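Data block below; observations after.
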Amino acid sequence: MKNAFMLLALGVFLLLSYGLYQGLVAAPTEATMGNVQRIFYYHLPSAILAFLCFTVNFLASVTYLMKRNARADALAVTTAEVGVVFCTVVLVTGPLWARPVWGIWWTWDARLTSTLLLWLIYVSYLMLRRFASGGQAPVLSSALAIFGFVDVGFVYMANRWFRTQHPQPVLFGAEGSGLDPSMRPALIWNLVAFTAYAALLVWIRYRMERARQELEQAHALAALAGGGR
């Protein structure tokens with residue numbers, strides 16, 4: 001298992017390194033925005049991975065509520081944590097991109113505000129998991145995750161439903177792809193690299209969570225056995 005982890009970690013490192021090269025060196029400089037546009041190659045993959053993690057969290061939460069499956073609960077909390085990491089990257093890189101392009105760090109439009117709300121919902125989810133007393137934390141957090149997932153769809157559609165400061169979709173918008181073909185390799189490589197990185201994080205964190213669950217179960221069984229004497 002250790003060798004498998006090292007090989008996977010090395011593969012992820014190589015993908016991230018090549019993605020960095022593609023984004024900072026190989027991709028052409030955008031004519032209007034200049035080099036600051038290179039943030040796009042990390043901003044968009046982070047947003048996609050955050051959405052993907054929150055989608056898996058939603059499915060795992062529904063599964064847990066239906067079956068009370070410990071593995072589903074472990075996957076739910078794992079993907080929530082990794083999703084929050086990528087959503088944080090989105091919220092950090094967005095203003096770094098916006099300041100030189102828009103002249104402002106932040107504006108309370110529908111896309112940006114709903115993204116911040118999404119981050120707050122899943123941070124609240126993690127706080128509930130950590131601080132709720134008793135055995136109801138998985139149930140309560142699963143219900144919150146199902147509620148929070150509604151905002152994932154709203155964030156995705158916000159700049160389609162409303163006029164926002166945030167640019168219109170360049171990949172799947174009604175006007176078709178607005179991304180120059182010469183910029184696509186950098187985006188694709190970084191999307192692949194970020195996906196591999198997210199998968200590695202989920203795998204590591206899931207194993208840790210399962211180990212914690214099994215340890216808690218062992219302690220509970222030992223306490224019951226001790227109480228029966």
Task: Answer residue from segment 22-59, given it is among the hydroxyl-bearing types (Ser, Thr, Tyr) and in a helix (DSSP H, G or I) and is nearest to Leu200 (Cα to Cα) among those - done: Ser46
Task: Some residue of segment 32-42 being surrounded by fewer than 15 Cβ atoms within 10 Å (Cβ to Cβ), of a type in the set (S, T, N, Q) and either closer than 14 Å to Leu96 by Cβ or at pLDDT 90 or above (or both) - done: yes
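Here's the yes/no breakdown for (1) at pLDDT 95 or above; (2) over 17 Å from Tyr206 (Cβ atoms); (3) surrounded by 16 or more Cβ atoms within 10 Å (Cβ to Cβ):
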{"position": "Leu8", "(1), (2), (3)": "no, no, no"}
{"position": "Leu75", "(1), (2), (3)": "yes, no, yes"}
{"position": "Cys87", "(1), (2), (3)": "yes, yes, yes"}
{"position": "Gly94", "(1), (2), (3)": "no, yes, yes"}
Open item on the list: Between a residue in segment 1-30 that is over 9 Å from Ala193 (Cα atoms) and any residue that is part of a helix (DSSP H, G or I) and aliphatic (A, V, I, L, M), which pairs come within a Cβ distance under 6 Å, given they are 6 or more apart or on different chains?
Closed with: Leu8/Leu200; Gln22/Ala186; Gly23/Ala186; Ala27/Met183; Ala27/Ala186
- [ ] Return yes or no: is Met208 at pLDDT 90 or above, at negative phi, out of contact with any helix residue (DSSP H, G or I) (no Cβ under 6 Å at 6 or more places or on another chain) and not β-branched (Val, Ile, Thr)?
- [x] yes
Task: Complete set of residues in segment 98-109 that are surrounded by fewer than 19 Cβ atoms within 10 Å (Cβ to Cβ) and of a type outside the set (Val, Ile, Thr) - done: Arg99, Pro100, Trp102, Gly103, Trp105, Trp106, Trp108, Asp109
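The values are calculated or read from the model by the stated rules, or taken from the named source; none is laboratory data. The structure presented is a predicted model; accordingly, all values stated were derived computationally and were not measured. Backbone-built Cβ (ideal geometry, glycine too); neighbour counts: all protein chains shown.
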